[in-house]
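The values are calculated or read from the model by the stated rules, or taken from the named source; none is laboratory data. As the structure is a prediction and not an experimental result, all values here were calculated from the model. Here the Cβ positions follow ideal geometry from the backbone for every residue, glycine too, while neighbour counts run over all protein chains shown. Each accessible area value is taken on the protein alone, full model and side chains, heavy atoms only, with ligands, DNA and RNA left out. Shrake-Rupley method; radii C 1.70, N 1.55, O 1.52, S 1.80 Å.
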Amino acid sequence: MYARFCKELLEMEYGLRELREQNERDDIKRQREVDATIRLSRRGQQEEEDEEEAEEEEEEEEDEDLTESAEEMAMEMEAEEKLFALERKGWESAWGDENDFEDATVLSPMHFTYCTPGLIPYAARTASTLQIYSVKIIGAGRKLEWPLNVYGVVAARDAVDYNHNILFSRWGDDCQKLTPEDPFLCLTGPSRAIVAMECADLEVQLKVKGETRSSDRALITRRSTYSGGYHQGLETMLFSNCFCTVELSLERLTETVQATILSVRVDEEGPWPFEHGGRIMCSSPPHEVKDPLSKQVVLVDSHSCEGGEMPMGTASYIDLSRRVVSVKLEDSLQFAIQAYSQSGAIARQSSVTFRTKYCNVSRGICKIGDSVVEITIAWSHIVRRKRGIHLAGHV
């Protein structure tokens, strides 16, 4: 009996020892898990602190970079303004006795329209001229916040009178809203052909309207000389600074006369073709109309007009944005008329072509659907020098 009792006691002690050892192992394991959790927690907190510290350092660096970038841009814009002022001073030194720098040309694009055919004055000539197709604003990185409310002046100067030949001109109260999808300025000129027998100057002075007048800021102030020589075909002229690039699409045409679109009128006996707006453009020589309109002079586009409607006066006359184009003598002038659908797509389009003349007036019609559009054009030779017409007794 005693021997069995001793055996059971030993088994109980052995089992108790194993249970104690297991408990100790479990305690050690739990402690290790707790220690590991604490270490992970501390490591996570340290990592978060490190991350926060790194983020703060990055933000500080970004702030420093932005400050440096803002200072650099301010310095560049200041230098740009000084350079333009210096160029203005040079112009005033050469031509200031006869003109003011801000003066716009007053020479008519129809100066020789009503000459007697076959009896053209000596001062009436053909000339090489610049055809301006478009002016586009391209943002530089993220430095511009679209949309942009832009105003200012884009103009050309030639040796005819050295005055502004306005391409785009708006005050701050009448700025144009530009978006990345439609970054083109709505041009209103030139008011006469831009003569480019040798060279012509192009000036860009644009500002961005802010919430208040004091927050308006300069976008670009640049001046450059076009001296394309006898290069043929479409060209691009760029004006760039830290904020943007202004892209002028143009072409130098030789032996040209100028055409002034006197009127575009919809016959009131037919339906109004521009219920949802439309676009009227011309080209010389005639080109197939494609988007982008690389060699089309857009005369009016309802997409650029307030309310998206075709601007119209009395008696169904359409108010054109641009009216003067250059036409080579051996080429003809083609008008393309497009009517938009409710979705803004082109629903109908048609065209009519005019033969180039030295002077006098041409009339033609273009049928678009069931509507008739009447177009009247005045043709004229070009004035090469303002003094020339004064000496010849022309005014």
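Annotations for the structure displayed:
- The mean sequence distance of close C-alpha pairs (under 8 Å, at least 6 residues apart), as a share of the length of the range 72-225, puts its relative contact order at 25 percent.
- Ranking Tyr340, Tyr358 from most to least accessible surface, computed with a 1.4 Å probe over the protein chains only, gives Tyr358, Tyr340.
- Sequence-distant residues sharing a close amide H with Tyr133 (under 5 Å, placed H): Ser249, Leu250, Glu251
- Site pair Ser69 and Ser341 shows an inter-label distance of 4.3 nm when each label is modelled 7 Å from Cα along Cα→Cβ.
- Leu329-Glu181 pseudo-label distance in nm [points 7 Å out on the Cα-to-Cβ vector]: 4.7 nm
- Computed from phi, the 3J(HN,Hα) profile of the range 88-104 under the Karplus parametrisation 6.51, -1.76, 1.60 (θ = phi - 60°) reads 4, 4, x, 5, 5, 5, 7, 10, x, 5, 9, 9, 9, 4, 8, 4, 9 Hz, with x in place of Gly and Pro.
- A DSSP coil position with no more than 11 other Cβ atoms inside 10 Å describes the following chymotrypsin sites (Phe, Trp or Tyr not before Pro) in the range 179-269: Tyr230.
- Among the listed pairs Lys177/Lys209; Lys328/Lys367; Lys136/Lys386; Lys136/Lys207, those beyond 21 Å (Cα-Cα): Lys328/Lys367; Lys136/Lys386
- Cα gyration tensor, the range 329-394 - rounded (a/c under 1.5), prolate or oblate: prolate
- Point-to-point label distance, Val106-Met197, nm (Cα→Cβ direction, 7 Å offset): 2.3 nm
- Look at the dipole of the range 211-291 built from charges on Cβ: of Ser284, Pro273, Cys244, the Cα furthest out on the positive end belongs to Cys244.
- Electrostatic bookkeeping for Gly364 treats Lys and Arg as +1 and Asp and Glu as -1; over the other residues with beta carbon under 15 Å from its beta carbon, the sum is +3.
- Surface accessible to a 1.4 Å probe, Ser350 within the full protein complex, Å²: 30 Å²
- Shown for the range 252-395: the carbon plus sulfur share of the solvent-accessible area, taken with all protein chains present and a 1.4 angstrom probe, equals 46%.
- The range 104-189 shape via C-alpha gyration tensor axes, a/c threshold 1.5: prolate
- Net charge, Gly388 excluded, C-beta distance under 12 Å - Lys, Arg +1, Asp, Glu -1: +4
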